[in-house]
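The values are calculated or read from the model by the stated rules, or taken from the named source; none is laboratory data. Given the structure is predicted, the values throughout are model-derived calculations rather than measurements. Neighbour counts run over all protein chains shown; Cβ positions are idealised from the backbone, glycine included.
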Amino acid sequence: MGTLKLENIRKSFGSVDVLKGIGLDVKDGELVVFVGPSGCGKSTLLRIIAGLEGATSGEVLIDGAASGHVPPAKRGIAMVFQTYALYPHLTVRDNMGLGLKQAGTPAAEITARVAKASSMLSLDQYLARRPAELSGGQRQRVAIGRALVREPKLFLFDEPLSNLDAALRVNTRLEIARLHRELSATMIYVTHDQVEAMTLADRIVVLNNGRVEQVGAPMELYNSPANLFVAGFIGSPK
Ligand code: ADP
Ligand code: MG
């Protein structure tokens, strides 16, 4: 299971209110895309869901359980960052397996899970390389593999394609869509790119200035935008 509920999440940095009361229900197996302009609070919200940052108020519920005091490693969440965040001195194999090793997973189990993930992501022949010996697209696949091996309830992606060139962006996007189908995993995917949102999402959450402007299926937002901001952002004709 991997359901997520956000209840009135607020976050302030000093006197700046970045998130102004975010509520959302994500169903098991859903791929929900948070879309909104740069600076609207998308990464902050993901970090709060992952437990890397505390909310000022409000509650994150994972599979119905309040998670405010649950540390990141115990939330059953894996996050993929824009900058990959790989360890340069570790091989692909060790980068992918490190989290499991730190959690005390037996070596044979780590080997099996890394083998499975690297096969899903076509990384088998790169397992002995270090990140510097890989292309940007391959590095991001390693970062996705590192998330996969943890078999999380919930995957969080923070603008995972923004450092890739145009062709790789399309390939990696299709790869994430395929993983979503094959794993039936619950995924939250953050982007400021309307095309990514429209093509990947089961539902889109449009964020602006710390609030939810509208939630709906891509064509629902396209055909019936709630306001001019959503229309402008999603690219609706009205
Ligand atoms: P997005 O990911 O949508 O571009 P962010 O969540 O990164 O937006 O940031 C939202 C706002 O919060 C920005 O104005 C940013 O400057 C501010 N912010 C983010 N993290 C911090 C922090 N640790 N301290 C102060 N301000 C922050
Ligand atoms: Mg961000």
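Structure values in brief
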{"quantity": "Candidates S184, S119, S162 - the one that is within 16 Å of ligand 1 (Cβ to nearest atom) and small (G, A, S)", "calculated": "S162"}
{"quantity": "Where L168 falls short, out of the listed (1) in contact (Cβ under 8 Å) with a residue 40 or more places away in the chain; (2) surrounded by 14 or more Cβ atoms within 10 Å (Cβ to Cβ); (3) within 28 Å of G29 (Cβ to Cβ)", "calculated": "(1)"}
{"quantity": "Selection count, segment 65-123, where residues are small (G, A, S) and part of a loop (DSSP other than H, G, I, E, B)", "calculated": "7"}
{"quantity": "Strands (runs of 3 or more DSSP E) enclosed by segment 1-58 - at least 2 residues per element that are within 13 Å of ligand 1 (Cβ to nearest atom) and at pLDDT below 95", "calculated": "none"}
{"quantity": "Residue count for segment 129-147, restricted to those that are of a type outside the set (G, A, S), part of a helix (DSSP H, G or I) and free of Cβ contacts under 8 Å to residues at least 40 places away in the same chain", "calculated": "3"}
{"quantity": "Members of segment 182-206 that are part of a loop (DSSP other than H, G, I, E, B) and either away from ligand 2 (no atom under 15 Å from the Cβ) or without any contact (Cβ under 8 Å) to a residue 24 or more places away in the chain (or both)", "calculated": "S184, A185, A201, D202"}
{"quantity": "Residue in segment 74-86 that is more than 25 Å from E182 (Cβ to Cβ) and out of contact with any Lys or Arg (no Cβ under 7 Å at 6 or more places or on another chain) present", "calculated": "yes"}
{"quantity": "Exclusive hit being in contact with a helix residue (DSSP H, G or I) (Cβ under 9 Å, 6 or more places away or on another chain) and among the hydroxyl-bearing types (S, T, Y), set S184, S236", "calculated": "S236"}
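So that you can scan it fast, the table gives a plain yes or no per residue for (1) modelled with pLDDT of 90 or more; (2) closer than 22 Å to Y84 by Cα; (3) out of contact with any Phe, Trp or Tyr (no Cβ under 6 Å at 6 or more places or on another chain):
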{"position": "E182", "(1), (2), (3)": "yes, no, yes"}
{"position": "A185", "(1), (2), (3)": "yes, yes, no"}
{"position": "D202", "(1), (2), (3)": "yes, no, yes"}
{"position": "V205", "(1), (2), (3)": "yes, no, no"}
{"position": "Q214", "(1), (2), (3)": "yes, no, yes"}
